[in-house]
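What follows is a set of notes on a single structure, which appears directly below.
Nothing in this text is a laboratory measurement; each read-out follows from the coordinates by a stated rule. Source: prediction; values computed, not measured. Virtual Cβ from ideal backbone geometry, glycine too; neighbours counted across all protein chains shown.
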Amino acid sequence: MTYEIKHHLTDALLMSYSAGTLPEAFSVVVATHISLCDECRARLESFEAVGGALLDGDEAVAVSDDALEATMALIDAAPAFQKPANISMPDAVFPGPLRDYVGGDLDAVKWRPIGGGVRQAVLNTGGSENVRLLSIPGGMAIPDHGHRGTELTLVLQGAFSDEDGRFARGDVEVANEDLHHTPIAEEGMDCICLAATDAPLRFKGLVPRIAQRFIGI
Ligand code: ZN
Ligand code: ZN
């Protein structure tokens with residue numbers, strides 16, 4: 001199935017995924033987006049071809065011993081997360097890589113309510129980064145917030161809109177320190193997203209800041 005994906009991954013994310021240097025929490029989101037997006041998969045393959053040419057010791061590419069050693073070290077340090085085989089299951093909400101990670105589809109998720117009808121399930125990854133599933137009722141807003149680091153949000157079901165546009169299944173929003181946004185889930189169905197962050201979000205209001213201590217986002 002193809003989706004009209006309008007919001008894609010950045011080159012920087014694809015390159016570091018290809019080099020195996022992306023933290024696992026972000027790798028899960030990147031792998032899931034790629035399984036839905038032909039365009040990013042093609043860009044990833046071109047980065048992998050460049051990396052492969054370097055490793056082949058291609059005469060046309062001058063590589064010092066140090067560079068090769070550094071590249072090998074990066075590959076050794078790559079997270080255990082496996083790059084996806086794209087097995088299609090038309091009725092599943094979760095694409096293959098995410099299904100493998102969660103151990104099932106939507107019905108395998110152990111949701112916890114975090115207030116206002118919003119539910120979340122934190123997925124286990126190593127490291128200080130984290131990745132979670134969020135389920136936001138249609139019409140509901142996530143409080144206005146900024147970011148200390150990077151936040152990747154991939155839509156799996158429903159849609160949300162914010163200052164950067166409308167995000168539906170397959171779309172990924174890459175937010176950083178420059179973006180302050182108030183995502184609002186579209187009416188009609190729960191919006192289910194996969195979100196990875198490498199630093200706590202920065203909420204504007206006092207109440208969300210207090211709630212943040214309890215829900216841990
Ligand atoms: Zn894409
Ligand atoms: Zn955000």
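General remarks:
- Zone of Val93's modelled label, taken as backbone nitrogen in region 137-155 under 16 Å from a point 7 Å along Cα→Cβ: 137-140, 154-155
- Sequence ranges 132-138, 110-116, 193-199, ranked by mean other-Cβ count within 10 angstrom, highest first: 193-199, 132-138, 110-116
- Using the Cβ of Gln120 as centre and a radius below 9 Å, the other residues enclosed give a net charge of +3, where K and R count +1 and D and E count -1.
- For the pair Ile114 and Ala199 in one chain, pulling the backbone fully straight at 0.36 nm per residue adds 28.7 nm over the alpha carbon distance.
- Note on Leu179 and Thr21: their simple-model spin labels are 2.2 nm apart, each label 7 Å out from Cα toward Cβ.
- Taken one residue at a time, the phi angles of region 153-166 give Karplus couplings (6.51, -1.76, 1.60, θ = phi - 60°) of 10, 10, 8, 10, 8, x, 7, 9, 10, 8, 4, 9, x, 9 Hz. Gly and Pro are set to x.
- Rg and Dmax of region 142-182, based on Cα coordinates, read 10.0, 27 Å.
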